[in-house]
Amino acid sequence: MAARASGGVITYPLIITFLCMGAGLPRTAPAAFAGLLGLTLSVALARHWLIWKFDALYDRSPRLWQAGFFGGLLASFAAVGGVIYWIVAQSGSAPLSIFAGCAAAALSALSVFVYAPVLWVVRVNNVLLLGPLVTGMTQAGWGLTEPAIALSLALYVVYLFWTAGQQHRERWEALATSHQLALHAADLERAHVELRQARDELERQVAERTRELERTSREYREIFENAHDPILIFRPEDEKVLNVNRRACEVYGLPREELIGLSLKSISEDVERGEQQIEETLKEGVYNKFESVQFRKDGSKIFLEINASKIEYEGKPAILSVNRDVTDRRRAEELRLAKEAAERTAQAKAQFLANMSHEIRTPMAGIIGVTDLLLKTELGDRQREYARLIHTSAGSLLRVIDDILDFSKIEAGKLGFESVPFDLQAVLHDSVELLRLGALARGTSLELHTTEDLPSWVSGDPGRLRQVLLNLVGNAVKFTEDGWIRVSARTEAGRRVHVRIQDSGIGVPVEAQGRLFELFSQADGSTARVYGGTGLGLAISKRIVEAMGGEIGFESTPGKGSTFWFTVVLEPAAPPEMEKRPGERPVRSRRILAAEDNLINQLVVAEELKALGYEVTPVGNGLEAVEAVKTGRYDLALMDCQMPVLDGYQATQQIRQLAGNPGRIPIIALTAHALREDLERCLAVGMNDYLTKPFREEALRQKLDRWLGDGTEVEAPVDAAETSAETEGIDRVLFDQFRELARASGHDFLRQLAEGFRSRPHISEMHAALLHQDRKALQFHAHSLKGSSSMLGAARLSQLCATLEHMTREATDEECSRLLSQIESEYTGFLFKLMAAV
């Protein structure tokens, strides 16, 4: 409506102008004309501005806009109506009045069609336009003189009002219908837009989901194909494979085209168990970590750990099976169990050998001891020869036992070696001299030749070197009769000593030469029957030589003799200083307690001690030994380790708990156990020294001289090599200072230090700290042991403890455990030497 009214805005100022000019108003009343025209133009401009700003103003305040627009319109109507009234009233029926009436009629008709939607505006317009016209005509006398004009005017007014009502209804209904159609059209357009937007969004989501599904499918395919474990999809009813990944083809050794379509029943070890697992998977939906055994293409077994799930594959139920190949783990477990079984067997074997050694050595001690005593009595020639044969046979049997024990140590990797200074010339000479009488008895000459450049003092293990020499030279004596044996030694480059043993004996058969250095190997079955032996000597000698950095070999011609040779690496060493032998006190006042449950051995020990001039009190068990020490005065105790009631270990511990001198009595262990750990146990419980049964009278005398030589508990002079071996790793200067302090203070300060060092459970505390992940405690105990071992002169032990102390924060448990094992080994060895030295 406002848009249609925009064309008539200028109409009212024009009509005012034409009417006023026709009536001569500009001439007769110029001020009134100008004011009326200005007012009409102002109203027209205001209405034009309202129409121009309709969108902005109407939305903000509809009522204000309507008041301004319709108020201006009515003002224009009123102005035109006023001019028409004045013209009609002044002019009567003149043409000007007719023109004014026509203008009023035209404007009324125009308002009917333009403003019909606002019916009250049309009605007010008609009143404002036609009212002044009728009033003016009445004043001018038109109604009386021209009844037809008045009737026509009245009918026209009625017509305008009727037409306005009809137009209002039609226009309003049309507007309402158009509005409804517009609303529906807008709704349809909006729905269409929304539908298009929804379709676009749906298409976008479908495209995005499609891309996501494609990406996910591609990722799943990559995961499926590149999985480390074999993955199979199969039908549950017949176990037919529907799909597999690449790893499954690798594990089963089958190409994809052969594996797909294959029934797992054909490659399963236990088909019935597999069917039960499938049923469980279908029932529960999942079945995790069950084991199955299947077969590869080549027939080898695969041990699988399987996680199965029920899935839908290509619209049908299927089983997804993720199989982990645990074949290597299973084999490793089997190897571990086998290893543990082997270790248990080895331990049982070692325990058997130890028990056998004890059981054999105990009666052997009696045989050798009684034979020694027998040989000291008045015997006839034949009786003495029989006794000598018994003594020799017992010694041979003892050597067999020693070979067996060495073999046990070799198998366990525990064949120990020392590194001490020793006189090489003396070891060679003593070994040859020991076998010379046996060679002469067979009519064979035995000679030793050494070069001038052969060093006298070297560093190594004299006992093991002597063992190799006795084995090789002893074999030469055994297999050579009425011939010759020549032993030669020379120096080679690189601190190597080369020893050759040549003989003119029976030689080694060709067929036996390849296995001569193997365990339990001899030339043939008759060798053991004719010459004796276990077949261990050469094998043990080979292990010893190789452990000493050397080689061993031989050349032999059957019937003409053999040449055995070996090399060992021996570092040059300075000869140790010899200590002066302290003056011996008469031994007749010395009382010795002999604790031994075997009556024969008890008799032998008692007689040998009496022969050496000592007073002896024999007892049969550890409890009697403790009671004897409590009630009597003894200078030394010989303590058998295995006794009834109370064994030697327990008896020693109880004696060490006694106060005063009884608790400090020197105790020498008598043991048939020759393994190192058994000897270490003797020292650990407080024994001072040990003798391995069976022992010779000379060995017993040396032990007694050592502990009773000058009436004090200081170290007695022994062989230089033995002294050096026993005190290796101990600071001799420091020990001399401790002994001087002991003499000055009147008590054995060194022994107290040694006992204090031994009594503290350093190693067990460190093991416990490592087990409980207590690194601070481990560091503390390592520091403590470092200080005490350094004070006692154990440099290597102190250094190992310092290393452990500094590495506790960053090192792994395995590294700490490995270093702790080294510390334990060094601690045990040092404690062994320490207790022997004090």
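The values are calculated or read from the model by the stated rules, or taken from the named source; none is laboratory data. Just so you know, these numbers come straight off a predicted model, no measurement behind them. Here the Cβ positions follow ideal geometry from the backbone for every residue, glycine too, while neighbour counts run over all protein chains shown. When the accessible area is computed, the model is the full protein with side chains, heavy atoms only, and any ligands, DNA or RNA have been set aside. Shrake-Rupley method; radii C 1.70, N 1.55, O 1.52, S 1.80 Å.
Cα centroid separation, the range 646-660 to the range 24-89: 139 Å.
Here r is the Cβ-Cβ distance between residue 511 and residue 417 and R0 is 30 Å; the resulting FRET efficiency, rounded to 0.05, is 0.30.
Residue 440 contributes an accessible area of around 100 Å² to the protein surface, as traced by a 1.4 Å probe with all chains present. Heavy-atom accessible area for residue 449, with the other protein chains in place and a 1.4 Å probe, reaches approximately 90 Å².
Residues of the range 270-317: accessible area per residue at 1.4 Å, in Å²?
Details: 3180 Å² over 48 residues.
Accessible area per residue: 66 Å².
The residue 220 and residue 313 beta-carbon pair, evaluated with R₀ = 22 Å, returns a calculated FRET efficiency of approximately 0.95. Overall form of the range 235-306: prolate. Here a/c, set by the Cα gyration tensor axes a ≥ b ≥ c, is 1.5 or more, and a/b is the larger of a/b and b/c. Just the protein heavy atoms count here, and of the accessible area of the range 187-239 at 1.4 Å, carbon and sulfur take up 54 percent.
Overall, the accessible surface of the range 277-399 at a probe of 1.4 angstrom is composed of carbon and sulfur to the extent of 55 percent. With the simple model of a label 7 Å out from the Cα in the direction of the Cβ, residue 193 to residue 41 spans 4.4 nm. Pick out, in residue order, every one of the GluC sites (Glu not before Pro) in the range 237-325 that is DSSP loop and has at most 15 other C-beta atoms within 10 Å; say none if there are none. Counting only loop positions with at most 15 other Cβ atoms within 10 Å, the GluC sites (Glu not before Pro) in the range 237-325 are 237, 269, 314. Counting only protein chain heavy atoms and rolling a 1.4 Å probe, the accessible areas of 707, 120 rank, largest first, as 120, 707.
Taking a probe of 1.4 Å, how large is the accessible area per residue of the range 765-827, in Å²?
Accessible surface, normalised per residue, equals 55 Å².
The value of relative contact order for the range 595-694, using C-alpha pairs under 8 Å at least six residues apart, is 24 percent. Per residue, the range 630-672 exposes an accessible area of 40 Å² to a 1.4 Å probe, with every protein chain left in place.
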